[in-house]
Structure formats: C-alpha cells, structure tokens
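Worksheet: the structure to be examined is printed underneath.
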Amino acid sequence: MPGSDPIPDPETLQPGNAIDLDGEDYDDDEDDAIEEDDEDEDEDEEDEDENDDVLFEPATPRAVKLKMDTLVRRMLTGPVPIHVHNVIITGNMKTKGYIIETQASEALKKATTMQDLLRASDAVNSRLKSLGLFDSVAITLDSGPPEIPGSVNVIIKVEEARNRVSGEIGAYTNAEAKSSSVEGSIKYKNLLGFGDLWDGSIAYGFDRTAEVSAGVYLPRLKTLVAPMTVRAYLLTQDLLTFSSYKERSVGLSVGLFSNRFHNLEYHLAWRNLIDPSQMTSSVKMQLGHDYLSSLKYTLKIDKRNSPVRPTKGYAFIAKTHIGGLAPDSQSLRFLRQEFDLRCAIPLGFYHAALNFGICSGVIFPWGSGFLNRTTSIPERFFLGGNLSPVCALGGPKASWGFKTRATSPYEPKRQIDDENADVASRDSLGGNFTVTALADLSFDLPTRWFRGGIHAHVFAYAGNVAMLTENEFRSFSMQKFIGSFRSSAGIGVVIPTNRFRVELNYCYILKKFANDHAKAGFWLTFSRPS
C-alpha cells in the first residue's frame, strides 16, 4: 500500500535542504500566505519553468514546511527518484574517517529512491551506534550540485564518546565450564582511532576455575572483509572432584571472519593436564603436555523474539571444530560436530509459549586407525551443570536437576567392592556421542504481583552420552542408548533480565543411574544467553 512507505523524519531532512519536487505548485491560500512582491513572484515562476527539477526556496520555516508536505505527498503515492552524490562525515576527531565510510557509504550510495535512502540511513545510524564509539549519530540530507538534478549529499555528524573507559562485574553461569562464576572486565574504546576495542577480563568459578584474558576487537577496515578479534588467555580448572585432573592452558584465539550468521575462529593453545592422585588409569594415560591448533566454524540462525524468554520463532546452530592443524604428534587431532535446534510456539493465552529443542554432538579422532584411538578428555561431552537449557543455545550442555559432569561413562578411582560406594570415588570420563531433548511451557502468572516479565514454567529434560572410540562402537546399540536416557521434570518461577535469566525451580528426577550426580529439590540458576 502507498501508506506503508516511510515518512521522512524532520531530523533527517533539515531546513535549507533542496529536494527535487518536480515543480509542483502549492495551494492558492499557501501562496497568499507568503508575502512577496508581485514582481519577485513572476521571476520565481520563470526560474521554476527553466529549472523544473530543483527548487530553491527561501530557507524560511514556511517554505520548508511546504516543501516537506509536498515531498510527503509524493512519497505516499510512489517512489521518489534520487541520487546520492556524496557522503560527508563530520565530528570525528579521533576516529579515522574511512572507518565510518566503510560502515555507511556503500549502503547509502546504493539507494535510488528517497524511501530506500531513509531505510539505509536508519540502518547506518544503528550500525554506527552499535560500534560503541559515539555518544550520538545524526544523519541529514542536503541538496547536491545544481547541475545534477535530483541529487543529494548525505551528511553524517558524529559525536565521539567522552568516556572511553567502561567496566562491568557480575555473577553468571559459564556455559563452557559448566559452573557458576564471578566475572569482571574493563574496556577501553578507540585507543588507535580505528574503532578498536581493548578489554581485559578475569573470571573465577565456584569450582576453583579461573581465567584471565585480554583482547582487541577491530571493526571492518578497508583491507578486511569482516571484523577481526584477537584474544589471549590463561585458564586453570580444578576438576579433581569430578575427573581427577587439573588443567592449565595458555592460548590465543583469532576471529578470522564474522557476520550475522557465520563465524570462523582459529585457536592455538598449549595445555597441561596433571593428576596428583593418579587414581584413574584412563586419566593417567592422558596426563602431560599437548597443544591445540584448530579451526572452529559456527553457523547460527536465531529468529526467536527473545533469547531469555522466547515465545515465538526458531533457532539453529551448527558447530564444526577441526583439531590437529599442525605436523606434530602432540597436536590434538579430532573432528567435533554439534547441532542445536530450538523452536518456540505461542499458545495465545497468558503470554504462554511451548519451547522444545533437540541437541546432538559427536567427536572422533582422525588419522589412521581412528576408531581404535581415544579422544582428549577436555574435548569430550559432559552433561549437567547449574545452567538453564532454555538459555544454553549452542550444543549439548546443561540439564535440570543434574550437577556438573553428572551424566557420562565412569571409571572407579580405586578398586571398589561396594556397589553403593559414594559417587565421588568414581571419575567422570565424558563421551564421544550425545543427544539431549527438552520441553518448556512458560506462561504468565494470573496475578498483578508479578510484573516485569516474571513468569512460571513447567519443564522436562532427557539426555544421554556414550563412548564410541577405543572399539566401544562394536557394542553400541541405539536402542540401548535411548533406553538409558536420564530424565527430569519440574516447575519453577523465572525472572528474565536484559543480561541473564534467573530460575527458582523444583526438580524431580525421573530416571538416573547409580553413579549420576543428580538430586531432586530446589535449584537456583543464574544463566546468561549463549
């Protein structure tokens, strides 16, 4: 419909702009309102007839209003042809001009109508603000050269951020480490004038996991087809309680390509596994130094209306991780593939929605005789952790009611004759193949006491993990694998915020095995979208 075309924003079209109006006449009463000599009016009409494409009106509020009204009427009836002659950038004292041009010029100069130009201007405005370099961004239009009818100049005026230093601190649940943690970070913007963002962060997990990292983000430059990130980190994890080893690693990650749907990263890390107790033979075989040289590709499509409380839409993630990109026997060689599919269906009452999802992952070593070889324990799949599966988009991770590394193949730390021995005397070894599924019914509570998005939910979870390498695949049975799914269900209250999701749940364990770390009862979860 013509009425669906965008209407010019008064801030976008500033007074004094010359815009092609094709010489449309104003109403008689409007002409009478402009007090000019008859002789001047005749001269103006002659000028309009000679140059019908561009009108030069006095820069008075009345003339601008008339011109705007005429332009709006034309845009409501159809496309208004226009040509972007030049993009002018002002206000950038520190930021290099071509950084802004890279984000703006291509999109603006592609516009061929006024409607397209307004849409492009709005997109460019949002894109520049998302860089975090400017306190304000204003885009205005001005008339182009008189010799080029229907041309405009686009003026981008930016105000650079006065405060370039920022920081934050918070308590979160770490999706990768499967643990709760306290994290703090400090950032410095635009140090070199390339739109660069420098940051340092530190995180400490309640399971004695610590990470210190520093990195830099570079937006899209002339020589780069996409933004680039470089990050160095130092990580220590104490997993003696669950798997009888400690991990220390120093690494570097480089973001090679990233856009809305695709992400490609290179990882280089040196890692050391130690086990002071040396109680488990499977862990003892993997102790010592190794290093990781790998590529990781992620495809992400997220059409949900919210990552914290999705009520409609769908999301899909596929991750491919290839390790062993170095000609060295100590380089970890593996191929890891993960899939995660989510869907949210609105039900039409009390803001209710049904979320369901299925995740799967597999990891194999590659090379000659790969089925007879083992995979590194830190790269395997472990299920469990104090994390909401609704937020944990990205592969098999969390499960309601099951503790950290609760579900996986086990091995005794020492010879145990008592079948009822404590589970802490066994080590969780992880698996090569896993499948999980979840269902979550969320709905508003019918009371005015709960506002701001606070709602209730009923949920169910099922999942399992198995070993397939070291000849374990010979005894693998899909029927047996599905029959040994662990499962849980429950009900709870959810408090969604802009940064994380808080859940107070009561979980009931439907099915578990003797060595699983699972407990029925109340669980408090702090989760941020992943």
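The values are calculated or read from the model by the stated rules, or taken from the named source; none is laboratory data. Here the structure is a predicted model, which means the values were calculated and not measured. Here the Cβ is made from the backbone with ideal geometry for all residues, glycine too, and neighbour counts use every protein chain on show. The protein model used for the area step is the full one, side chains on, heavy atoms only, and it has no ligands, DNA or RNA in it. Shrake-Rupley method; radii C 1.70, N 1.55, O 1.52, S 1.80 Å.
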Legend entry - Separation of the residue 312 and residue 484 label points, Cα + 7 Å toward Cβ, nm: 4.3
Inset, instruction - Sort the following peptides by mean Cβ neighbour count (other Cβ atoms within 10 Å, averaged over residues), highest first: 78-88, 499-509. - result: 499-509, 78-88
Inset, instruction - Determine the gain in length on full extension of the stretch residue 186-residue 441; use 0.36 nm per residue of separation and subtract their C-alpha separation, reporting nm with one decimal. - result: 88.0 nm
Inset, instruction - Take the solvent-accessible surface of the protein heavy atoms, probe 1.4 Å, and return the percent of it on the stretch 265-395 that carbon and sulfur atoms account for. - result: 64
Inset, instruction - Grab the Cα-Cα distance for residue 123 and residue 76, subtract it from 0.36 nm times how many residues apart they are, and report the gain in nm with one decimal. - result: 14.8 nm
Legend entry - Zone residues, the stretch 338-360, relative to residue 303, backbone N less than 18 Å from point 7 Å out along Cα-to-Cβ: 340-347, 354-358
Legend entry - Cut-off 18 Å, label 7 Å out along Cα→Cβ of residue 256, residues of the stretch 318-337 by amide N: 318-328, 332-337
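Taking all protein chains in place and a 1.4 Å probe, what share, in percent, of the accessible surface of the stretch 73-194 do carbon and sulfur account for?
About 54 percent, which is the carbon plus sulfur part of the accessible surface.
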Inset, instruction - Round to the nearest 0.05 the FRET efficiency obtained for residue 157 and residue 508 when R0 = 41 Å and r is the Cβ-Cβ distance. - result: 0.10
Legend entry - Nitroxide proxy distance, nm - points 7 Å out along Cα→Cβ at residue 96 and residue 110: 2.3
Legend entry - For residue 275, solvent-accessible area (1.4 Å; no DNA, RNA or ligand), Å²: 10
Legend entry - Simple label model, 7 Å out from Cα along Cβ direction - residue 236 to residue 202, nm: 1.2
Inset, instruction - Give the calculated FRET efficiency between residue 295 and residue 272 to the nearest 0.05, with a Förster radius of 30 Å applied to their Cβ-Cβ distance. - result: 0.85
Inset, instruction - With r as the distance between the Cβ atoms of residue 345 and residue 169 and R0 = 30 Å, compute the FRET efficiency 1/(1 + (r/R0)^6) and round to 0.05. - result: 0.20
Inset, instruction - Heavy atoms only, probe 1.4 angstrom, no DNA, RNA or ligands counted: give me 405, 127 ranked by accessible area, highest first. - result: 127, 405
